[in-house]
Every structure is written in structure tokens, then in C-alpha cells.
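As C-alpha cells, the structure follows; a few thoughts come after it.
The values are calculated or read from the model by the stated rules, or taken from the named source; none is laboratory data. As the structure is a prediction and not an experimental result, all values here were calculated from the model. FYI the Cβ positions are ideal-geometry reconstructions off the backbone, even for glycines, and counts take in every protein chain you see.
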Amino acid sequence: MRIAAVLLAVDEGAVAPVDGERRVDRDVRALREGGCGPIVVVTGQVPIELLGGLVVSDPRWRDGPGSSVRTGLAALPPRTDRAVLARTGAPDLTPGAVRQVIAAGARPPADLDRPAGLAFLALHAGRAEHMS
């Protein structure tokens, strides 16, 4: 099963340093170590250069997160079965939290004690079917 990630990094906070590391770099690492790949990073306000992830720009990022989610999902490679959706700077975005969301992804949302800022999507032909 291919589990990708879409990371929303649309504002200048994505490049803000935390303990000497940009938030976006920390979050990409957490997603990768948590079991996601490939990782699509959606930018908006600030251009971001990144090693180890596909960067796509959302020209309509000011319209709200829905636009950025659509941009990220559209950039996922074919045959992606699942995707973790995250936003940069979420305090609970750790490899362990990503693994927890992946493991619990098939359960109904009421059964999931989801870390803030993370969601799990089941994809069919590139379209989200289930969100927890």
C-alpha cells in the first residue's frame, strides 16, 4: 500500500526556525520517518526549496486551506492508496503521531484520538473517499 503525505506549508511560518531547523524540514522528516512517501509540500505565501519532497505552489492559497488541499491531492502520484494530510507547525506532528494516524486510518473518526493537525485520507482514482 502506498501512503503519501500532503503537507500544507503555505505561510511564512513554514520557514520559521524551531531549534535551528525550519518547521517545514522538521515536518517532512516526521512524515517520512512515520511511514509516508512520497511527500507533497504545498506552498503559497513563501517559496520553499526542499530536498526530499515534491514542492507545488498553490496560487489560490489565500482562498483557504481547501484550495491547498486540492492542489496537494492533485500532485500525488498515480496509484497512491492513502495520504496523511498535515499542516506545517502542528505541535503534535511527530513520527509516532504519523504512525498512529496511519494505523487508525480505517477506523471511524469517533474511534480515533487524532493528534491535532493530522488527518488520514483514503484515495480512489486520486479523490479522497474517507477522512478521519
ALA103 fails exactly one of (1) over 14 Å from the mean Cα position of the chain (by Cα); (2) of a type in the set (A, V, I, L, M); (3) surrounded by 13 or more Cβ atoms within 10 Å (Cβ to Cβ); (4) within 23 Å of MET1 (Cβ to Cβ), namely (3)
For region 73-92: of the residues being more than 8 Å from the chain's Cα centre (by Cα) and among the hydrophobic types (A, V, I, L, M, F, W, C), which is nearest to ARG29 (Cα to Cα)? ALA90
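Just to verify a result, which residue in region 56-77, among those that are among the aliphatic types (A, V, I, L, M) and out of contact with any helix residue (DSSP H, G or I) (no Cβ under 9 Å at 6 or more places or on another chain), is surrounded by the fewest Cβ atoms within 10 Å (Cβ to Cβ)?
ALA74
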Condition first: under 12 Å from ALA75 (Cα atoms) and part of a loop (DSSP other than H, G, I, E, B). Now tell me which residues in region 38-63 satisfy that. PRO38, GLY53, ASP58
Selection from region 1-37 of residues buried (at least 18 other Cβ atoms within 10 Å of the Cβ) and acidic (Asp, Glu) yields ASP25, ASP27
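ARG79 - would you say it is of a type in the set (Lys, Arg) and either at pLDDT below 90 or in a loop (DSSP other than H, G, I, E, B) (or both)?
On the way: of a type in the set (Lys, Arg): yes; either at pLDDT below 90 or in a loop (DSSP other than H, G, I, E, B) (or both): yes.
Taking the combined requirement at face value, the residue satisfies it.
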Looking at (1) touching a Ser or Thr at 6+ places or on another chain (Cβ under 9 Å); (2) surrounded by 17 or more Cβ atoms within 10 Å (Cβ to Cβ), which is the one condition that is false for ALA83? (1)
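Can you tell me which residue in region 10-29 is nearest to GLU49 (Cα to Cα), limited to those that are among the small types (Gly, Ala, Ser) and touching a residue at least 60 places away in the same chain (Cβ under 8 Å)?
ALA14
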